[in-house]
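Chemist: My questions will all concern the structure given below.
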Amino acid sequence: MTLDESRTDWRELIAIVLLSVTAILTAWTGFQASKWSGAMSISFSQASTNRIQAARLESTANRKLSVQVSLFVQWLEAYQSGDTELTEFLEARFPEPLATVFPAWLDARPLKDPDAPATPFDMEEYVIPESVRASAADEAADRKFVQALRNNQRGDNYTVLTIGFACVLFFAAISERMRRRRAQWALLCIGGVGFLVLTIVLISFPKMI
């Protein structure tokens, strides 16, 4: 076997190995891009669901607040007119959380103490559960939306890697078509360097199985 034939065998072996491994990694990056795209869709769907839930809870909270404000205004009117029977009637039918906060508001002597809360609705204790749950659902929606954007970016990153590995395949394959040995090795080296760089980048990316 001549020296030239030995060198040709090494080049062909390197090209075959590079093509084989790159083909596998190209398929892997395409798979990862697909997985992250699916995760993005799921996160966007969860964000949308949480937004809808938050809107429903907020609507319920606003409706409860409106009813309780109306009852309190009626109580004020009855109190100012001296209608004790009506004030007691309304107090007995205050819904939560107004029923719990109202006695504490009276104890604060709002008519005499200027520092007291103007209405029961200004007190820290006045909390409508649906309003709290709506805020929590909104926060969850924000988190899912950010996660969806992050998953989308990761999918795009893997798509770029797929294109990069496809370029490596191109250089490795086209090197076999070159007649001059220098051109063959030059294209093979370009493909090899690209392969190493892309592989290092691939290792640094998060994976989804």
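Chemist: Assign unit charges at the C-beta atoms only (+1 for Lys and Arg, -1 for Asp and Glu), then state the dipole size of the range 148-209 relative to its Cα centre in Debye, rounded to the nearest 20.
Modeler: 260
Chemist: Taking every eigenvalue of the Cα gyration tensor of the chain, multiplying by 5 and rooting it, what semi-axes result, largest first, whole Å?
Modeler: 77, 13, 10
Chemist: Any idea what the dipole of the range 32-96 comes to, in debye rounded to 20, about its Cα centre with Lys/Arg Cβ at +1 and Asp/Glu Cβ at -1?
Modeler: Values: 6 positive and 7 negative charges, 171 e Å.
Approximately 820 debye in magnitude.
Chemist: Please report, largest first and rounded to whole Å, the three semi-axes of the ellipsoid equivalent to the range 47-129, where each semi-axis is the square root of five times an eigenvalue of the C-alpha gyration tensor.
Modeler: Whole-Å semi-axes of the equivalent ellipsoid: 29, 15, 9.
Chemist: Moving on to the next point. What are the membrane-span-like helices in the chain by this rule: whole DSSP H runs, Cα extent along the axis at least 30 Å, mean Kyte-Doolittle hydropathy at least 0.5?
Modeler: 181-204
Chemist: Right, something else. Put +1 on the Cβ of each Lys and Arg and -1 on the Cβ of each Asp and Glu in the range 3-204; which of SER70, PHE44, ILE200 then has its Cα farthest toward the positive end of the dipole?
Modeler: It is ILE200, whose Cα lies furthest towards the positive end.
Chemist: Continuing with this model, one more query. Along the positive direction of the dipole of the range 109-168 (beta-carbon charges: Lys, Arg +1; Asp, Glu -1; about the Cα centre), which of PHE121, GLY155, PHE165 reaches farthest?
Modeler: Positive-end residue among those listed: PHE165.
Chemist: I've got another one for you. With +1 on each Lys and Arg Cβ and -1 on each Asp and Glu Cβ, and nothing else charged, work out how big the dipole of the chain is about its Cα centre, in Debye to the nearest 20.
Modeler: Dipole size: approximately 2220 debye.
Chemist: Using only the Cα atoms of the range 136-186, each taken as one equal point scatterer with no solvent, compute I(q) by the Debye sum, divide by I(0), and report log10 of the ratio at q = 0.29, 0.32 Å⁻¹.
Modeler: -0.97, -1.03
Chemist: Sorted by packing (mean other beta-carbon atoms within 10 Å per residue), highest first, where do 76-82, 66-72 land?
Modeler: Answer by packing, highest mean first, reads 66-72, 76-82.
Chemist: Quick check: pseudo-label points 7 Å beyond the Cα along Cα→Cβ at GLU139 and ALA173, how many nm apart are they?
Modeler: Roughly 5.3 nm, to one decimal.
Chemist: Just want to confirm a number: the relative contact order over the chain, from Cα pairs under 8 angstrom separated by 6+ residues, in percent.
Modeler: Across the chain, relative contact order equals 36 percent.
Laboratory data are not the source of any read-out in this text; all were calculated from the coordinates shown. Worth saying up front: this structure is predicted, and the values here are computed from it rather than measured. Note: ideal-geometry Cβ built from the backbone for every residue, glycine included; neighbour counts use all protein chains shown.
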